[in-house]
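Have a look at the structure below, then the notes.
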Amino acid sequence: MGELRLLFDTHAFYWWCIDDPALSLTARNAISDVSNEKYVSAIAAWEFVTKCRSGKEPGFSQIAADLSRAVAAQESTELPITMRRAEMAANLPLHHKDPVDRFLIAQAIVEDMTIVTIDRNFSSYAAPILW
């Protein structure tokens, strides 16, 4: 597959951490490939905690308790929020209504990354997706 810079969507990271079969075989193989770099956005920390606290994703609680530890345990790198990425997210067309997802898309575009996601709405943007 070659060297990729993979940016996890929140659910994809969760499924990877718990070895959930919901994660596609293509995604699983790319994540397992040691030549690929793996990143988790800081915005995922917000989403993990928010969805856990709201009761929408109670399974997120263990990861939400210490996302930095989970990221390190999965040999991934934290991707910080920057002004450039935030400006890109704010200026993206509203094809996707979820601001967290638009932020991930902006980060992928700015940093030339491939997003690991099942969300088909991401394909309306210039960021490559892998599923």
How do 68, 123 line up, fewest other C-beta atoms within 10 Å first? 68, 123
Assigned charges on the beta-carbon of Lys, Arg, Asp, Glu; the range 70-116 dipole about Cα centre (debye): 200
With a cap of 14 neighbouring Cβ atoms within 10 Å, and only residues DSSP puts in a loop, list the trypsin sites (Lys or Arg not before Pro) found in the range 1-81. 56
Which of 83, 88, 113 comes first, and how do the rest follow, when ranked by fewest Cβ neighbours within 10 Å? 83, 88, 113
For the pair residue 37/residue 82, report the inter-label distance in nm, with labels modelled 7 Å from Cα in the Cβ direction. 1.1
About its Cα centre, the chain carries a charge dipole, from +1 on Lys and Arg Cβ atoms and -1 on Asp and Glu Cβ atoms, whose size in debye to the nearest 20 is 340
Among (i) 64, 27, 23; (ii) 38, 33, 24; (iii) 48, 31, 21, which one is Cα extents along the principal axes in Å computed from these coordinates? (ii)
Neighbour-count ranking for 18, 115 (other C-beta within 10 angstrom, fewest to most) reads 18, 115
Contact order relative to length of the chain, as percent, for alpha carbon pairs under 8 angstrom and 6 or more apart: 29
Cleavage-rule hits, GluC sites (Glu not before Pro), the range 41-131, DSSP coil, Cβ neighbours within 10 Å at most 10: 75
Residue by residue through the range 112-120, what is 3J(HN,Hα) from phi via Karplus (6.51 cos²θ - 1.76 cosθ + 1.60, θ = phi - 60°)? Round to whole Hz and write x for glycine and proline. 6, 10, 9, 8, 8, 7, 8, 6, 5
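Just so you know, all these numbers are worked out from the coordinates, no wet-lab data involved. Bear in mind the structure is a predicted one, so any value in this text is a computation, not a measurement. Here Cβ is always computed from backbone atoms with ideal geometry, including for glycine, and neighbour counts include all displayed protein chains.
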